[in-house]
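Asker: One structure, as structure tokens, below. Some questions next.
The values are calculated or read from the model by the stated rules, or taken from the named source; none is laboratory data. None of the values given here were measured: they were computed from a predicted structure. Cβ sites come from the backbone with ideal geometry, for glycine too, and all protein chains shown count toward neighbours. For the accessible areas, the whole protein counts, side chains as well, though only heavy atoms, and no ligand, DNA or RNA atoms are used. Shrake-Rupley method; radii C 1.70, N 1.55, O 1.52, S 1.80 Å.
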Amino acid sequence: MTFFRRGRAPGAVLLMAVLGMLVAAVPAAPVTIPHPAPVPMKPGTPGAFTLRWGNDRRVQARMLRETVNPGGARVTVGSMLDAANRQAHTGNNTHCRHRATGSGGALHGVHVAGFYCLRHDDATDPDWSPQGVSGTEDARSGAGTVDRHKAIVFSWHAGPPGGSGTGTRLSFLDTATKRYIHVLLVVPNAFGTDYSEVSVHAGGIAWYRNYLFVTANQGGLHVYDTRNLLRLAHNPKASVSRHCPTGRQEPGGSYCGRGYDYLLPEIGRWNNPNSATTRYDSMALERAPGRAPEFLTSEYRTSGVGQVARWTDTELTGFHGTIHPYRAWFQPVRYVQGAFSRGCYYFNTGGGGSGNRDLVVANATGNHRTPVSRTGGRGLQDLYWLRSAEQLWTLTEHPGDGKRVLYGVSRPACP
């Protein structure tokens, strides 16, 4: 698994060595049939989807960074990852492996290429639920690094699975050190002098260049710029006390964020004017040789199937006007938690009391081939393409040791 490599070693030898540490001894995932059974994909209605730029806070986010960070300095993703303070474990850790792949674990019966268990307090915390996933291989082409780091980023909404609460956060995990750090999402006020918390479901995220897109269901997409990271730790203007509420506090004027060391302010929103009929529940980025990157957004539907829509990178990063996807397809299944395409389409389906926990593979070429599916983790969510290893990564949301993990599978062949 090449994303763990820092030095140079023969590719095949390195891959086998790392997989030997990470892969749990579990049987190959059986062929499964979600309920209802998958149906062939058919062309959708791209005209039904619209995103309109608004709530622009680019200037305010920059002003906030210049105000909060000493000297107005930019904080790099690399320096934040160097300060990561929470340790994850992989399958070579006995406790992690037994918990995750045992009968009560999220990965029981799943053939995985690798996985991470989160720190105990994050794995068992009922007040936060992990949702979306992306990484530096989405953010950058070529080696797929940001500030010489390879990392996975995943989102959380406040509240239990299916519930809600106040707050949304991202976690950045350095795959070399296996350490990660939480970052609280905030929105600047109109003057760039203060901020408040953001509360969205964050079912999908995509990291592209220095931008992070976070889905907001019927609301559309919230957008963040990593160049505006706010560092409260070791900052004379700030406090990282857990008892200090989010925002600028008086008297004294300290900047706080419920104990988080880093905050990330929003730069604007792609609002959904068709909120009664269309949704933005999960998100992915496809990088294919010889083509410009494309974004995918997908819908979670419990009645009937939703659609997966394709958007150009230039429009989605233009941050003005009204845009539409250039293509859409009806998904083959309900309860879609994440979607990705690479020659064909891949869908994570589960939740909503469906009993499903499947990775569904389907063609969208009009040949009406029957989709196929494989068993996925319990509580599986969004999808991230780790192209350096030909793997699809996701995460599971249910709290408990071994129940809340990040994991990857080798990409199944198209049907």
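Asker: Using the Cβ atoms and a cut-off under 13 Å, what net charge is assigned to the surroundings of A106, where Lys and Arg are +1 and Asp and Glu are -1?
Answerer: Neighbour charge sum, excluding A106 itself: +4.
Asker: Then there's this: Treating the chain as a set of equal point scatterers at the Cα positions, no solvent, please give the Debye-formula log₁₀ I(q)/I(0) at q = 0.10 Å⁻¹.
Answerer: Once normalised to I(0) and log-transformed, intensities are -0.63.
Asker: Per residue, how much accessible area does the chain have with a 1.4 Å probe, in Å²?
Answerer: Heavy-atom SASA per residue in the chain reads 38 Å².
Asker: Let me ask something additional. Please compute the modelled spin-label separation between F191 and A37, points set 7 Å along Cα→Cβ, answer in nm with one decimal.
Answerer: Distance between the two pseudo-spin positions: 6.4 nm.
Asker: So if we plug the beta-carbon distance of S303 and S199 into 1/(1 + (r/R0)^6) with R0 = 25 Å, what FRET efficiency do we get, rounded to 0.05?
Answerer: In this case the efficiency is close to 0.45.
Asker: Now a separate question. For segment 295-415, how big is the tail of P(r) above 23 Å, as a whole percent of Cα pairs?
Answerer: 33 percent
Asker: OK, next. Assuming a viscosity of 1.567 mPa s and a temperature of 4 °C, what translational diffusion coefficient in µm² per second does Stokes-Einstein assign to segment 62-144, Rh being the Kirkwood radius over Cα pairs?
Answerer: Translational diffusion coefficient: 80 µm²/s.
Asker: Once you list every other residue whose beta carbon is under 12 Å from the beta carbon of Y208, what net charge do they have if Lys and Arg are +1 and Asp and Glu are -1?
Answerer: That works out to -3.
Asker: Taking the Cα centre as origin and putting +1 on Lys and Arg beta-carbons and -1 on Asp and Glu beta-carbons, what dipole magnitude results for the chain, to the nearest 20 debye?
Answerer: Here the size comes out at about 700 debye.
Asker: Rounded to the nearest 0.05, what FRET efficiency do H111 and T322 give with R0 = 51 Å and r taken as the Cβ-Cβ distance? Could you check?
Answerer: 0.70
Asker: Please list, by residue number, everything in segment 143-179 whose backbone N is under 11 Å from a paramagnetic label point 7 Å out along Cα→Cβ of A83.
Answerer: Correct set: none at all.
Asker: Using only Cα positions of segment 163-269, each an equal point scatterer, no hydration layer, compute I(q)/I(0) via Debye at q = 0.16, 0.25 Å⁻¹ and quote the log10 values to two decimals.
Answerer: Cα-only, vacuum Debye calculation for segment 163-269: -0.73, -1.49.
Asker: Hey, got the Cα dimensions of segment 281-349 along the principal axes, in Å, largest first?
Answerer: Largest first, segment 281-349 extends 34, 29, 15 Å along its Cα principal axes.
Asker: Right, another one. Could you look at the chain and say what percent of its accessible area is carbon and sulfur, using a 1.4 Å probe and all protein chains?
Answerer: Its accessible area is 52 percent carbon and sulfur atoms.
Asker: Note down the relative contact order for the chain as a percent, whole number, built from C-alpha pairs under 8 angstrom at least six residues apart.
Answerer: Answer for the chain is 23 percent.
Asker: Now for a different question. Take peptides 348-359, 80-91 and line them up by average Cβ neighbours within 10 Å, highest first, as a rough protection proxy.
Answerer: Per-residue Cβ counts within 10 Å, averaged per peptide and sorted highest first, yield 348-359, 80-91.
Asker: Compute the distance in nm between two label points, each set 7 Å from the Cα along the Cα-to-Cβ direction, one at R148 and one at R369.
Answerer: 4.4 nm
Asker: Once the Cα gyration tensor of segment 212-303 is diagonalised, what are the square roots of 5 times its eigenvalues, in whole Å and ordered largest first, as equivalent ellipsoid semi-axes?
Answerer: Listed largest to smallest, the semi-axes of segment 212-303 are 35, 18, 11 Å.
Asker: What distance in nm lies between label points placed 7 Å from Cα along the C-beta direction at N92 and Q218?
Answerer: Placing both labels 7 Å beyond Cα along the Cβ direction yields 4.9 nm.
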